[in-house]
Amino acid sequence: MHNIFFADSLNGWAAGDSGIVIKTSDGGSSWNILDNFTDNTIWDLHFLDENLGWAVNWLDDTVYNGTIIHKTTNGGEDWETIEFPQSETYIVDIHFINSQTGYAGVNYSPVRGPIYYTTDGGIGWTLADVQPSVLNYPFLPLKKFYSSGNNIFACGGAIDIAGVIWKSTDSGFSWIADSTVAPDPINELYFFDSLNVIGIGGDRELLYGIGMVKTSIGGNFWEYFELEILGVANSMDFRTPAEGWASLGSIQAFIYTTDSAVTWKEVSTPGNAEINDIIFIDSTKGFAVGKDGVILKYNYEPNSIKGDSKNQLQEFVLLQNYPNPFNPKTSIEYRVGSIQYVTLVYDVLGNEIAVLVNEEKFSGEYEAVFNAAELSSGVYFYKLTAGDYTFTKKMMVVK
């Protein structure tokens with residue numbers, strides 16, 4: 001499952017590979033599989049209400065290479081198929097602000113420009129006027145669009161080149177690109193209000209921390225921060241103005257904040273799920289979707305640990321070691337119930353290096369310190385085993 005979208009508190013859809021689309025009409029209590037309208041991966045979908053929506057997939061055959069747009073007027077029961085007019089152009093995000101006006105964000109195109117717009121509900125598309133960024137680079141892929149008042153935003157970029165945020169003040173017909181915001185792609189934006197916005201992303205090489213950008217003046221200037229947590233944040237949403245969650249994809253973890261993105265902590269996903277998209281419908285209900293068709297539902301517990309309203313996604317949690325990379329010591333934090341518990345450190349060949357903990361622990365949060373003074377530079381792994389739970393994470397020694 002690649003994406004999930006809710007038009008209101010009851011009606012939601014999720015989509016992914018093999019053309020799969022599932023739908024809920026009761027706020028996620030139950031889901032139904034809709035009839036396939038394609039056998040290809042659905043990269044994005046967007047609904048304006050319980051009936052009107054769009055989805056995109058790519059096609060590569062002897063007849064047509066490029067993007068196919070699908071439109072429904074009855075909640076996904078039936079779809080109209082439209083070939084995108086520019087061939088060899090691959091849309092990764094589609095976004096509408098009303099039934100006629102919408103935008104398409106492009107991952108690749110033979111022409112310069114990552115943004116197209118439509119004024120007839122998705123039938124015809126026009127390449128938007130994008131003022132070039134300060135970088136002399138012909139094409140920077142776009143990830144997602146956002147509406148904020150009278151302005152339209154988009155984010156994206158290219159690894160090791162730039163993170164980019166585009167902004168339009170004229171309903172998406174022309175855009176200004178700011179490629180100075182981050183060194184790597186920005187994958188998601190979140191608007192606290194029209195002035196205060198954050199963005200999140202990172203480097204897929206996993207050698208640097210998750211990147212975050214912030215603005216307090218409506219996107220006219222952005223500050224960049226590294227969170228010192230390895231990985232790439234691919235999706236983010238907030239349950240409340242204070243509590244937000246972001247998924248780290250193949251790292252099989254979330255990061256979360258309880259202070260409006262000032263600080264973040266890491267927590268393993270239930271079952272080591274690889275999450276691609278996350279959404280909160282309201283302050284008590286949220287969903288995440290990912291690899292192998294997994295759907296996670298947020299379990300709201302207003303009286304959870306430490307007296308705050310943070311959900312305890314699971315009883316056993318193994319956090320990313322910090323610092324990472326490190327030399328020679330690093331700390332490993334974990335949360336357990338009262339159960340036989342083991343943390344092992346081993347190398348890439350599976351050879352056991354150390355046993356950090358091997359005893360029953362009372363429910364609570366703990367920390368173990370690992371000293372790699374006798375080890376050479378390289379990648380190592382540490383594993384938490386607690387009852388039926390097993391979590392493994394990677395760390396790097398650099399000397």
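Observations on the model:
- Considering segment 269-284, the residues that are over 18 Å from A242 (Cβ atoms) and outside any strand (DSSP E or B) include one that is modelled with the highest pLDDT, namely E274.
- Output for segment 244-256, where each listed residue is of a type in the set (A, V, I, L, M) and in a loop (DSSP other than H, G, I, E, B): L248, I251
- Among the residues of segment 219-243, those that are under 21 Å from D184 (Cα atoms) and in a loop (DSSP other than H, G, I, E, B) comprise G219, N220, F221, W222, G231, A233, N234.
- Looking only at residues of segment 361-399 that are closer than 13 Å to L318 by Cβ and among the hydroxyl-bearing types (S, T, Y), we find that the one that is surrounded by the most Cβ atoms within 10 Å (Cβ to Cβ) is Y382.
- Those strands (runs of 3 or more DSSP E) of segment 340-393 in which at least 3 residues are charged (D, E, K, R), considering only elements entirely within it, cover 352-361.
- Of residues in segment 42-76 being at pLDDT below 95 and in a loop (DSSP other than H, G, I, E, B), the one surrounded by the most Cβ atoms within 10 Å (Cβ to Cβ): Y64
- Qualifying residue in segment 22-34 (condition: part of a loop (DSSP other than H, G, I, E, B), among the acidic types (D, E) and within 24 Å of S235 (Cβ to Cβ)): yes
The values are calculated or read from the model by the stated rules, or taken from the named source; none is laboratory data. None of these values were measured; they are calculated from a predicted model. Positions of Cβ are generated from backbone atoms using ideal geometry, with glycine treated the same way; all protein chains shown enter the neighbour counts.
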